[in-house]
Every structure is written in C-alpha cells, then in structure tokens.
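**Q** Have a look at the structure that comes next, please.
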Amino acid sequence: MTDDNKSDNKSDDKMYGGKPSGEKRSRRTKPDANNATRMLHKKVRTAKGRKISSKLWLERQINDPYVQRARELGYRSRAAFKLEELDDKYQLISRDSLIVDLGCAPGGWMQAAFKRGAKRIVGIDILQVEAVPNAEILHMDFMADDAPEQLKSHLDRAPDLVMSDLAANTTGHKNTDHLKTVALVEAAAEFALDVLAPGGHFVTKVFQGGAEERLLSKLRTQFDFVRHAKPKSSRKGSPEIYLVAKGFRPAE
C-alpha cells in the first residue's frame, strides 16, 4: 500500500454522518504524463540465453503502436503503413493496377496495395513468403542474374508501379553496407526503367543520405517527379527513407 492510499484511508475513517454506507471515494490527483508513459511501457524479462539486443527488440515490438495496429488489421508487418502513407501523399496505387513488389517478404506491402485497389501483384524475395490472394511470388534472390527475366516472364503487360523494400544484410562495416544498399537501389531502378508502363511510378527504400546523385539525375530525365520521403510510421532513429518517382517517360 502506498503512502497516498494510507492517507486516503485515514481520511475515510474520520468521515461521519447519516449518508448510506457504500464504496468510499478516494482523493484523486491529476496523473503525471511522464509517469503514465512509464506505466504503459511494457518491459521484457531477460531470459536465459537471450541477448540484450533481442530483449530490446522484443520490447520495441511489444510497445510499438504500429505493430499492434498491424495485428488488429491483419497486416503481416508494420511496413504496410509506410506504403499507405506514401500512397496517401503521392497517389501511387491506381485501381486495377499491375504492381511488381521487389523484396516482398513478409507480404505487408502487397496486402496494403490490394486493399487500395491493385488487381494483380508479382513479387520476389529470397525468403519464403506465405501466399497472398491474387499475387504471384517468386522465391529467389532479385540480385541473381536471371531474376529480372524471370519476373518479366510473369508479367502480362507493363506494370503501373514497381515498389521495392529491398534491404541488404548488414555487415557492420559502414562503407560495405552503403555499397550493398546502393547496388540494390540501382538494380531496382534499372528494372523499373526497363518494365514500367508510360506514366507509371517507382518507389524504393534508400537510407540516410538518400539516393546517389548519379541515379537521381538519371531518374529525373525519365520521370516527371522525383522526391525523397520519410513516412511517419518509420521508426524514430531509423536511417531509412524512400525515393518516389512518378510519371515515367520511356526513353525515345
């Protein structure tokens, strides 16, 4: 029992009169916002064999409102909200559109795209992805030599949107990780330039610092609109941002 509760009980003992007995009122004080936040934050106990990094990741997942909301809506990942925000701002997904999803695991972007009117999606990922209705999913590495042709063989027409949430496995070496990320972004952009329908769109994950100027210059010559964007649903402190290119103009 806290000191506040003790004080309330003493106050109740001194109350007299003819009012009927019942549940006694206790004096309430205005809650402190900082204390409320601390009380709502759930912590994970460190289990035997569990690394501190795993414990912190679990805590972050448990306390992340986007993770909780994704579960409520049946989304496979919180990343679905990033695509929804980008679509709200830039109108990337049109009704009955054909979309290519690069790095589609676990399927959250495909779910969000279908919810917003996409008719068919062809996805690719090196990880196994549970089936999504109306989507064709290739289980292979997009960076494999034959991956682009394999993807194109599943397209019955030029896609309206190429979206990429590809991310390289990090090594911990800053320069190496940067080069791997740049290679993924450039490969995704080259594929988009090769297959997009006139007027189509391209969106890809990049990281802090944005896309390389050489790539940006190339995209600007073939798209009406090129911008970097940071959805609110991206975690605070995350270096990820997105590159949005709209209004594809095929090279003559």
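The values are calculated or read from the model by the stated rules, or taken from the named source; none is laboratory data. Everything numeric in this text was worked out from a predicted model, so none of it was measured. Methodologically, a virtual Cβ is constructed for each residue, glycine included, from the backbone with ideal geometry; neighbour enumeration extends over all protein chains shown.
**Q** Working only within region 88-112, note down all residues that are within 13 Å of the chain's Cα centre (by Cα) and in a helix (DSSP H, G or I).
**A** Filtering region 88-112 down to residues within 13 Å of the chain's Cα centre (by Cα) leaves 103-112.
Answer for region 88-112, where residues must be within 13 Å of the chain's Cα centre (by Cα) and in a helix (DSSP H, G or I): Gly108, Trp109, Met110, Gln111, Ala112.
**Q** Is it the case that region 151-158 has a residue that's part of a helix (DSSP H, G or I), more than 23 Å from Leu92 (Cα to Cα), modelled with pLDDT of 90 or more and hydroxyl-bearing (Ser, Thr, Tyr)?
**A** Yes, region 151-158 contains at least one residue that is part of a helix (DSSP H, G or I), more than 23 Å from Leu92 (Cα to Cα), modelled with pLDDT of 90 or more and hydroxyl-bearing (Ser, Thr, Tyr).
**Q** What about Ala187, is it modelled with pLDDT under 95 and within 22 Å of Val122 (Cα to Cα)?
**A** Details: modelled with pLDDT under 95: no; within 22 Å of Val122 (Cα to Cα): yes.
When the stated conditions are applied, Ala187 does not pass them.
**Q** Here's another thing I want to ask about it. Among the listed residues Ala131, Ala118, identify the single one that is surrounded by fewer than 21 Cβ atoms within 10 Å (Cβ to Cβ) and small (Gly, Ala, Ser).
**A** Ala131
**Q** Look through Val129, Val185 and report the one residue that is touching a Ser or Thr at 6+ places or on another chain (Cβ under 8 Å) and either more than 13 Å from Ile99 (Cβ to Cβ) or of a type outside the set (Val, Ile, Thr) (or both).
**A** On the way: Val129 fails: touching a Ser or Thr at 6+ places or on another chain (Cβ under 8 Å).
Going through Val129, Val185 in turn, the sole match is Val185.
**Q** From the set of residues in region 194-211 that are in contact (Cβ under 8 Å) with a residue 40 or more places away in the chain and not in a strand (DSSP E or B), which is surrounded by the most Cβ atoms within 10 Å (Cβ to Cβ)?
**A** The qualifying residue surrounded by the most Cβ atoms within 10 Å (Cβ to Cβ) is Gly200.
**Q** Look at Val129 and say whether it is touching a helix residue (DSSP H, G or I) at 6+ places or on another chain (Cβ under 6 Å) and of a type in the set (Val, Ile, Thr).
**A** no
**Q** I'd like to check something: does region 79-91 contain any residue that is without any contact (Cβ under 8 Å) to a residue 24 or more places away in the chain and either surrounded by 18 or more Cβ atoms within 10 Å (Cβ to Cβ) or not polar (S, T, N, Q) (or both)?
**A** Yes, region 79-91 has at least one match.
**Q** If the Cβ limit is 8 Å and pairs must be 6+ apart or interchain, which residue in region 119-136 that is closer than 25 Å to Asn169 by Cα pairs with which residue that is in a loop (DSSP other than H, G, I, E, B) and among the acidic types (Asp, Glu)?
**A** Matching pairs, first to second residue: Ile126/Asp141.
**Q** Considering only residues of region 212-252 that are within 20 Å of the chain's Cα centre (by Cα), not in a strand (DSSP E or B) and not basic (Lys, Arg), which is surrounded by the fewest Cβ atoms within 10 Å (Cβ to Cβ)?
**A** Here the residue is Gly237.
**Q** For region 159-173, how many residues are assigned to a loop (DSSP other than H, G, I, E, B) and either of a type in the set (A, V, I, L, M) or in contact with a Gly (Cβ under 8 Å, 6 or more places away or on another chain) (or both)?
**A** Here the count works out to 6.
**Q** Just to check your reading of the model, which residue among Ala251, Ala183 is in contact with a helix residue (DSSP H, G or I) (Cβ under 9 Å, 6 or more places away or on another chain), farther than 23 Å from Ile93 by Cβ and aliphatic (A, V, I, L, M)?
**A** Details: Ala183 fails: in contact with a helix residue (DSSP H, G or I) (Cβ under 9 Å, 6 or more places away or on another chain).
Only one candidate qualifies: Ala251.
**Q** Quick check on region 216-238. Is at least one of its residues closer than 23 Å to Ile124 by Cβ, acidic (Asp, Glu) and without any contact (Cβ under 8 Å) to a residue 40 or more places away in the chain?
**A** no
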